[in-house]
1. Need the failing condition index for residue 97 against (1) over 28 Å from residue 1 (Cβ atoms); (2) surrounded by 11 or more Cβ atoms within 10 Å (Cβ to Cβ); (3) touching a helix residue (DSSP H, G or I) at 6+ places or on another chain (Cβ under 8 Å), just the number.
2. Restricted to the range 1-11, and to residues that are modelled with pLDDT of 95 or more and over 15 Å from the mean Cα position of the chain (by Cα), which residue is nearest to residue 39 (Cα to Cα)?
3. Going by the structure shown, is residue 76 within 22 Å of residue 109 (Cβ to Cβ) and in a helix (DSSP H, G or I)?
4. Return the residue satisfying two criteria in turn: it lies in the range 27-66 and is touching a residue at least 40 places away in the same chain (Cβ under 8 Å) and outside any helix (DSSP H, G or I), and of such residues it is farthest from the chain's Cα centre (by Cα).
5. From (1) touching a helix residue (DSSP H, G or I) at 6+ places or on another chain (Cβ under 9 Å); (2) farther than 24 Å from residue 105 by Cα; (3) assigned to a helix (DSSP H, G or I), pick out the condition that doesn't hold for residue 22.
6. Looking at 102, 110 in this structure, which one is surrounded by 11 or more Cβ atoms within 10 Å (Cβ to Cβ), modelled with pLDDT of 90 or more, closer than 22 Å to residue 52 by Cβ and in contact with a strand residue (DSSP E or B) (Cβ under 9 Å, 6 or more places away or on another chain)?
7. Residue 120 - would you say it is on the phi < 0 side of the Ramachandran plot and modelled with pLDDT of 90 or more?
8. Tell me whether the range 67-88 contains one or more residues that are within 19 Å of residue 3 (Cβ to Cβ), touching a residue at least 12 places away in the same chain (Cβ under 8 Å) and under 11 Å from the mean Cα position of the chain (by Cα).
């Protein structure tokens, strides 16, 4: 949400889950720290780089400790270095919280982070080559 700070964006799903403001803010700051973007906590999404914004989005996705995270082209707007960093952080954080990550990508480098790959071509699933 562009009018909220990055910390407020990460805290939002916690607040919606009924967690008190102070505790939600504490958890949000912890997630931002974990993903290396605590320094942008007070900035709004439009004021941060694409890589920082994606890390904030990952922090928000992980804030409620979900069992599954769905990501559509999570690195699509990033350069290769920031894309690698975001995927590394996403997979590491998901493993630490035992969350499954289901992602859609056209990028073979992003797909390489997966434990399992399903290819969809012309609306049908295919087994990956190899």
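The values are calculated or read from the model by the stated rules, or taken from the named source; none is laboratory data. For clarity, every value in this text was computed on a predicted model and none was experimentally measured. Ideal geometry is used to build each Cβ from the backbone, glycine not excepted, and the neighbour counts take in all protein chains shown.
1. Result: residue 97 fails condition (1) only.
2. Residues of the range 1-11 that are modelled with pLDDT of 95 or more, as a first pass: 3-11.
Narrowing further to those that are over 15 Å from the mean Cα position of the chain (by Cα): 3-5, 8.
On the way: 3: 18, 4: 15, 5: 12, 8: 14 Å.
By that ranking, first place goes to 5.
3. On the way: within 22 Å of residue 109 (Cβ to Cβ): yes; in a helix (DSSP H, G or I): no.
For residue 76, the condition - within 22 Å of residue 109 (Cβ to Cβ) and in a helix (DSSP H, G or I) - is not met.
4. Filtering first and then ranking leaves 44.
5. (1)
6. Details: 102 fails: closer than 22 Å to residue 52 by Cβ.
It is 110.
7. Numbers: on the phi < 0 side of the Ramachandran plot: yes; modelled with pLDDT of 90 or more: no.
Judged against the criteria, residue 120 is not a match.
8. So the first thing to find is which residues in the range 67-88 are within 19 Å of residue 3 (Cβ to Cβ), and the list is none.
No, the range 67-88 contains no residue that is within 19 Å of residue 3 (Cβ to Cβ), touching a residue at least 12 places away in the same chain (Cβ under 8 Å) and under 11 Å from the mean Cα position of the chain (by Cα).
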